[in-house]
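Accompanying notes for the structure given below.
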Amino acid sequence: MEFMLDEALEESVRDFDGFLQARLVPHLSGWYQEGSIPREFFRELGAGGWLGMDRSGKGCREQSAIKQAVLMEHLARISPGVGVAVAVQVSLGTKGLVLHGSERQKEALLDAAARGEILICLGNTEPTAGSDVANVAAIAEKVEGGWVISGTKAYVTNGTLSDLALVTAISDPDAPRNRRLSMFIVDLASEGVSRTKLHKEVWIPSDLTRIRLKNVFVPDEHLLGVRGRGLQQVLNIFTHSRLAIAALTLGTAAGALEMGIDRAGKREIFGRKLRDFQAKSFEIADLFTRIEAARLMVWKACCLKDCGMDFRQAASMAKYLAVEAARQAGTWAADLFGAASVMFEHPVHKFPLDAWASSLGEGTQDVQKLIIFREIMKQRGIVE
Ligand SMILES: Cc1cc2nc3c(=O)[nH]c(=O)nc-3n(C[C@H](O)[C@H](O)[C@H](O)COP(=O)(O)OP(=O)(O)OC[C@H]3O[C@@H](n4cnc5c(N)ncnc54)[C@H](O)[C@@H]3O)c2cc1C
């Protein structure tokens, strides 16, 4: 078992860090104030090969899970909010196409998505369907040449920024619960689509959008995957994207800890640096250890995925541990900055809130425990 990254990946990380210092860090405060990320940034990511795909004359090939996770950790250390916008493009939108798109859909969209020219989000959550992913109410009615979709997707990251949304809707209302949904590629410029950007206080500067679909026509060619298999498909996408959100959350934890260690080395109180108080030094040791444990779990889950093995349980355990670590590190780091930490503009301000948000993406902590428990029972032959 390898615990080290290979030299090629180390080099990619160094290149990516250089890109982030040059193209993200100088702009971040402005994007934070505006609450939006310019599309040009996605094009720059695409040009650098930082959107999860390697492009060549022969087409697009997905990068390894470990590479994607390590890069995501580095991005999220600086900005979990930009991290989530990238994660949605790579691990929900593009991933949905990779996993379930037809050859024609892939040919039409993958290269543009990998270049950051087309942005793709995913809408499943509705007022009735969050953790209960299947409980979607949006309806897709079959008509000549396509489908007419109506419904509301309540919380969609990148919903304002994106060109296309992968959405779930009931295509077969009389079928059993696990055969009722299908997935569709919806052009967000279509007639009948309206979007409301929501005011949120987490994962800034990414956008969170409510998308309303009123009699939106979607041609047959934009059915994603197989009719009636939408639930299995969206769950499959979430299983894969859980690796990305685990890495993003790990980056949130690591970024908070670094900022806290830096502060503890600079701030003097009662004639001593904060880090020279043993209580603080023990907290640093404790958090560093928890974050390293979460990192090893993320890497293990990626390693299983890259070896073609079942990574479902490992991905949930990775996300579960990363969220615990980020919640602890985020509030710890903010505490060290005292009053300054409650200022919106202060860079530490985001960490506790973003750690909180990360528990929601791709399943809450309770949902991760449900998955982990089910896998434990499967291994014992108690459930199928
Ligand atoms: C910033 C942000 C971005 C988002 N982006 C997207 C997006 O791009 N696309 C998208 O489709 N959705 C998105 N979501 C929605 C997100 O996926 C849901 O919020 C999440 O799945 C939880 O659903 P819910 O909010 O309806 O909470 P609920 O499902 O109502 O959960 C409420 C509580 O019940 C607990 N619970 C649930 N099931 C069980 C159980 N079986 N046993 C015990 N406790 C349980 C949960 O852990 C939670 O504490 C986003 C949300 C946020 C906040």
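The values are calculated or read from the model by the stated rules, or taken from the named source; none is laboratory data. All values reported here derive from a predicted model rather than from experimental measurement. FYI the Cβ positions are ideal-geometry reconstructions off the backbone, even for glycines, and counts take in every protein chain you see.
Screening E201, E258 for residues that are on the phi < 0 side of the Ramachandran plot, more than 16 Å from the ligand (Cβ to nearest atom) and surrounded by fewer than 21 Cβ atoms within 10 Å (Cβ to Cβ) leaves exactly one candidate, E258. Right, V348: outside any helix (DSSP H, G or I), surrounded by 14 or more Cβ atoms within 10 Å (Cβ to Cβ) and away from the ligand (no atom under 16 Å from the Cβ) or not? Yes, satisfied. Among the residues in region 372-382, are any over 20 Å from V234 (Cβ atoms), among the basic types (K, R) and either within 16 Å of the ligand (Cβ to nearest atom) or not in a loop (DSSP other than H, G, I, E, B) (or both)? Yes, the conditions are met somewhere in region 372-382. When region 114-152 is filtered for residues that are within 24 Å of H240 (Cβ to Cβ), out of contact with any strand residue (DSSP E or B) (no Cβ under 6 Å at 6 or more places or on another chain) and either more than 16 Å from the ligand (Cβ to nearest atom) or of a type in the set (A, V, I, L, M) (or both), the ones remaining, listed by number, are R115, G116, E117, I118, L119, A129, V133, A134. Residues that are in contact (Cβ under 8 Å) with a residue 12 or more places away in the chain and exposed (fewer than 12 other Cβ atoms within 10 Å of the Cβ) within region 2-24 comprise E2, F3, listed in sequence order. Scanning region 209-237 for residues that are in a helix (DSSP H, G or I) and surrounded by 22 or more Cβ atoms within 10 Å (Cβ to Cβ) gives G230, V234, I237.
Counting the residues of region 357-367 that are crowded, with 18+ Cβ neighbours inside 10 Å and within 15 Å of the chain's Cα centre (by Cα) gives 7.
Considering R61, R104, R55, R43, the condition of being assigned to a strand (DSSP E or B), among the charged types (D, E, K, R) and in contact (Cβ under 8 Å) with a residue 12 or more places away in the chain is satisfied by R55 alone. With respect to being more than 21 Å from the chain's Cα centre (by Cα) and not assigned by TED's automatic domain parsing to the domain that holds T157, R55 fits the description. Kindly evaluate L243 against the criterion of being assigned to a helix (DSSP H, G or I), in contact (Cβ under 8 Å) with a residue 12 or more places away in the chain and surrounded by fewer than 22 Cβ atoms within 10 Å (Cβ to Cβ). Taking the combined requirement at face value, the residue does not satisfy it. Scanning region 313-336 for residues that are more than 30 Å from R267 (Cβ to Cβ) and surrounded by fewer than 21 Cβ atoms within 10 Å (Cβ to Cβ) yields one hit, Q313. Going through (1) within 16 Å of the ligand (Cβ to nearest atom); (2) under 12 Å from P205 (Cβ atoms); (3) in contact with a helix residue (DSSP H, G or I) (Cβ under 9 Å, 6 or more places away or on another chain) one by one, S91 falls short only on (2).
Residue-by-condition table, conditions (1) within 12 Å of the ligand (Cβ to nearest atom); (2) more than 30 Å from A318 (Cα to Cα); (3) in contact with a strand residue (DSSP E or B) (Cβ under 8 Å, 6 or more places away or on another chain); (4) of a type in the set (G, A, S):
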residue	(1), (2), (3), (4)
S182	no, no, yes, yes
S190	no, yes, yes, yes
R195	no, yes, yes, no
Q233	no, no, yes, no
